[in-house]
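The values are calculated or read from the model by the stated rules, or taken from the named source; none is laboratory data. Not measured: the values here are computed from a predicted model. Backbone-built Cβ (ideal geometry, glycine too); neighbour counts: all protein chains shown.
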Amino acid sequence: MPEFTPLLSAYVFVAVFLAGIVRGATGFGFSLIMIVLLTLFFPPAQVAPVILFWEVLASVGHLPFVYKQVHWKSLRWLALGVAFGTPFGVYCLVSIPVDAMRLLINGVVLILTALLYCGLRPKNAPSPTQITGVGLLAGLINGASANGGPPIILFFLSSPLGAAVGRASLIAFFLFTDVWASLFYWQQGLISRSTLIFTVVFLVPMFIGMWIGNRWFTTVDEARFKKIVLALLMVISLVGLIKAL
């Protein structure tokens, strides 16, 4: 892991703070932003566990306020897919070279974010098998990069459940996926003392950002805000792809 110079520390602080705002306002986007921004300076295998811990702590703090709005029926099938997909994703994380992993992560983020931005919606309601398939893809990506959100975000954005239910369901879902993936990270020896220190040091900007974002949720034009966030994610992913090349 590179040395934490004052400039690098300030960069991570600002990145975590801004990603926290997005997470608080929309219920997603934190891992998308952090995995792309941090892999510009850190190997994916070193920052993915840190991002998972941040996500777990964020969900633990957020879920009690939105628990009653969660759509638990959909989450059961999604969780089944994630349970099978995550171990394969973790295997990819420890087996694929760093630059190839960066290309894969940023490429997947770019493609799925572009689909979200374009408003792709399925014509029919998904079956339990299709929902499980979405969870399988999310688990694979989450295990490989702590970034399994895009398939689930697309699933809830395309459903008629409403923004508040989708946001609450995403928060609950990410808590499950990140705790599950953390177990496999531990098994693979990816979690160390430096991982825990990295996590704790930058918790304050994350929670401050989430508090600000949560206050914005009921006051801003959510559709417009999501468009801006997704456009930003596409730009960040392009930067990550260029660096990996």
Being under 16 Å from the mean Cα position of the chain (by Cα), closer than 16 Å to PHE202 by Cα and crowded, with 24+ Cβ neighbours inside 10 Å narrows PHE17, PHE30 down to just PHE30
Helices (runs of 4 or more DSSP H) wholly inside the stretch 150-245 containing at least 2 residues that are more than 24 Å from PHE13 (Cβ to Cβ) and in contact with a Phe, Trp or Tyr (Cβ under 6 Å, 6 or more places away or on another chain) = 163-187
Given (1) of a type in the set (A, V, I, L, M, F, W, C); (2) at pLDDT below 90; (3) surrounded by fewer than 18 Cβ atoms within 10 Å (Cβ to Cβ), ALA10 misses just (2)
Answer yes if at least one residue in the stretch 148-160 is on the phi < 0 side of the Ramachandran plot, among the polar types (S, T, N, Q) and surrounded by fewer than 19 Cβ atoms within 10 Å (Cβ to Cβ), and no otherwise.
-> yes
Which one of the conditions (1) at positive phi; (2) surrounded by 23 or more Cβ atoms within 10 Å (Cβ to Cβ); (3) among the small types (Gly, Ala, Ser) does GLY24 fail to meet, given that it meets all the rest?
-> (1)
Might you let me know whether the stretch 196-205 holds any residue that is polar (S, T, N, Q) and surrounded by fewer than 14 Cβ atoms within 10 Å (Cβ to Cβ)?
-> no
Give the number of residues within the stretch 166-189 that are among the aliphatic types (A, V, I, L, M) and surrounded by fewer than 19 Cβ atoms within 10 Å (Cβ to Cβ).
-> 3
Among residues belonging to the stretch 1-44 that are touching a Phe, Trp or Tyr at 6+ places or on another chain (Cβ under 7 Å) and assigned to a loop (DSSP other than H, G, I, E, B), point out the one that is nearest to PHE173 (Cα to Cα).
-> MET1
Say whether the condition of being within 23 Å of PHE42 (Cα to Cα) and of a type in the set (Ser, Thr, Tyr) is met by at least one residue in the stretch 197-217.
-> yes
Members of the stretch 30-72 that are farther than 21 Å from LEU93 by Cβ and of a type in the set (Val, Ile, Thr) | VAL60, VAL66, VAL70
